[in-house]
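Student: First, the structure itself, so that you have it in front of you.
The values are calculated or read from the model by the stated rules, or taken from the named source; none is laboratory data. Note that the coordinates shown come from a computational prediction; the quantities given were computed from them, not determined experimentally. Note: ideal-geometry Cβ built from the backbone for every residue, glycine included; neighbour counts use all protein chains shown. All accessible areas refer to the heavy atoms of the entire protein, side chains included, with ligands and DNA or RNA removed. Shrake-Rupley method; radii C 1.70, N 1.55, O 1.52, S 1.80 Å.
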Amino acid sequence: MSGVLRLTPLRTAGRAPRVLTVDAEDWFHVCGDDFYSDPRRWGAFPSRIERTLRDLLDLLDRGGHRATFFFLGWIASRHPALVAETARRGHEVGVHGDLHRRADELTPEAFRDDLRRARAAVEDAAGASSTSHRAAEWSVRRATDAAVAILAGEGFRCDASMMPVPPLGPATNPVGPYRIEADGWSLVEVPPLTGRAFGRRLPVGGGWPFRIVSERTLERAERAFRDEGRPAVFTFHPWELDPEHPPMEGLAPLTRTVHFLGLRNLPERFERWLSRDRCVPLAEAVALLTAA
Ligand SMILES: [Zn+2]
C-alpha cells in the first residue's frame, strides 16, 4: 500500500501564518488511563467546558484571533449550543473523533464508525461542514496508516494528527506540511510546531513543552517555521486554561506529571503569546499551502 502513496512537501508563497488549534474536550478526557478514558464514567464528572471554552472565545475575540476548534463528537452532542456559538463567532469547527480513542488502537472499521458519529454530531451542532481532523493524542502515526485513506475517503481535506517527535510519532515523519496522494484521493497533513529545546526536537507548540521552555525558545521556533513557509501550529485544551479543574489524584504518576506540569503559569503565558501576533484557523493556512 505504501508504494502507491505520494508525499509532496507544501510551503506558503510568503511568510506562513500562526495557527491556533484547540482540542475541544473536557478536563476528564485523558487517553491511556484506564479510569478516565472509560466513556461510561464521563457523565458522572462535573463538566467545565461550557465556562472554560466561553472564556477562551471571549479572550480570542478581544485580540481578533480566530482558531480551529476540534470538537469531540461526545462534547458536540451534549453541548450543541457551544459548538454553534464557536462557529458563529468566526472559528473553524473540526472533528476530534467521538470517544477520544487512539486511531492506532482501532480497526479501520471502528475508526470510520467513530469518525462518522463524531462528524455527524459536530456538523449538526455547527450547522456547517467540517473538513479538518485531529486524532486523539497524535495517534495517526504515519501516512501509510489506514486512517489517512479513510479520512480522505470521508471527504476530509486536512489532518493535523502526525507528530515527527518520538515517542509521540516516528522521527522520520516530515516536520513541515505535505500533501498525501494515492488512487484519486489526497489529504493535506499539517504537523504541529516543533523546535529545538533541551538538546532535542520537541513539540513546543503545545502541551508541557509550551508551558516550560523559555518564551525566547518559543519565539525562535515559531519564527523559523513561518519564515520557511511552514504554518506554526499551536495546540491547547480548554482545561489547560482552567487551573481550578479537579486535581485528578487517581491518574498514573507520569500521566499526572505531564498533565499538570507548568499549568499554573499557562494562562498568563498564553495571553502574552496571543498579544505578540494574530492567530488564524487551520483551514486558512491550508488554503495558502494549496494555492499554488
Ligand atoms: Zn484530545
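Student: Might you let me know whether region 14-28 holds any residue that is part of a loop (DSSP other than H, G, I, E, B), modelled with pLDDT under 95, within 24 Å of S77 (Cβ to Cβ) and of a type outside the set (D, E, K, R)?
Tutor: yes
Student: Restricting attention to region 68-122, which residues are polar (S, T, N, Q) and either outside any helix (DSSP H, G or I) or surrounded by fewer than 17 Cβ atoms within 10 Å (Cβ to Cβ) (or both)?
Tutor: So in region 68-122, the residues polar (S, T, N, Q) come out as 68, 77, 86, 107.
Listed by number, the residues that qualify are T68, T107.
Student: I'm trying to understand the selection: among the residues of region 135-183, which are among the β-branched types (V, I, T) and open to solvent by 10 Å² or more (accessible area, probe 1.4 Å)?
Tutor: Taking region 135-183 and keeping what is among the β-branched types (V, I, T), we get 140, 144, 148, 150, 165, 172, 175, 180.
If the condition is that a residue be among the β-branched types (V, I, T) and open to solvent by 10 Å² or more (accessible area, probe 1.4 Å), then T144, I150, T172, V175 are the ones that fit.
Here's the yes/no breakdown for (1) out of contact with any Pro (no Cβ under 8 Å at 6 or more places or on another chain); (2) buried (at least 16 other Cβ atoms within 10 Å of the Cβ):
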site: P191; (1), (2): no, yes
site: L202; (1), (2): no, yes
site: D227; (1), (2): yes, no
site: R230; (1), (2): no, yes
site: P243; (1), (2): no, no
site: P253; (1), (2): yes, no
site: F270; (1), (2): yes, yes
site: A283; (1), (2): yes, yes
site: T290; (1), (2): yes, no
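Student: Which of the numbered conditions does S37 fail, given that it passes all the others? Conditions: (1) more than 16 Å from the ligand (Cβ to nearest atom); (2) open to solvent by less than 70 Å² (accessible area, probe 1.4 Å); (3) in contact with a Lys or Arg (Cβ under 9 Å, 6 or more places away or on another chain).
Tutor: In the conditions (1) more than 16 Å from the ligand (Cβ to nearest atom); (2) open to solvent by less than 70 Å² (accessible area, probe 1.4 Å); (3) in contact with a Lys or Arg (Cβ under 9 Å, 6 or more places away or on another chain), S37 misses (1) alone.
Student: Restricting attention to region 224-245, which residues are among the aromatic types (F, W, Y) and in a strand (DSSP E or B)?
Tutor: Once the filter is applied, which keeps residues that are among the aromatic types (F, W, Y) and in a strand (DSSP E or B), region 224-245 yields F234, F236.
Student: Among the residues of region 99-131, which ones are within 14 Å of the ligand (Cβ to nearest atom), under 23 Å from A81 (Cβ atoms) and within 14 Å of the chain's Cα centre (by Cα)?
Tutor: Selection gives H100 alone.
Student: Another one. Filter region 40-67 down to the residues that are more than 15 Å from W239 (Cα to Cα) and among the acidic types (D, E), then identify the one that is surrounded by the most Cβ atoms within 10 Å (Cβ to Cβ).
Tutor: Selected residue: D61.
Student: Counting only residues that are more than 16 Å from the ligand (Cβ to nearest atom), more than 18 Å from G176 (Cβ to Cβ) and of a type in the set (G, A, S), how many does region 1-34 have?
Tutor: Residues of region 1-34 more than 16 Å from the ligand (Cβ to nearest atom): 1-19, 34.
Now drop any that are not more than 18 Å from G176 (Cβ to Cβ), which leaves 1-4, 34.
Restricting the remaining residues to those that are of a type in the set (G, A, S) gives 2-3.
The number of residues fulfilling the criteria is 2.
Student: While we're here: What number of residues within region 10-34 are surrounded by fewer than 15 Cβ atoms within 10 Å (Cβ to Cβ) and touching a strand residue (DSSP E or B) at 6+ places or on another chain (Cβ under 9 Å)?
Tutor: 0
Student: Please state which one of L59, L53, L115 is at pLDDT 95 or above, under 30 Å from G184 (Cα atoms) and aliphatic (A, V, I, L, M).
Tutor: It is L115.
Student: Keeping to region 168-193, report how many residues are part of a strand (DSSP E or B) and in contact with an Asp or Glu (Cβ under 7 Å, 6 or more places away or on another chain).
Tutor: Of the residues in region 168-193, 4 are part of a strand (DSSP E or B) and in contact with an Asp or Glu (Cβ under 7 Å, 6 or more places away or on another chain).
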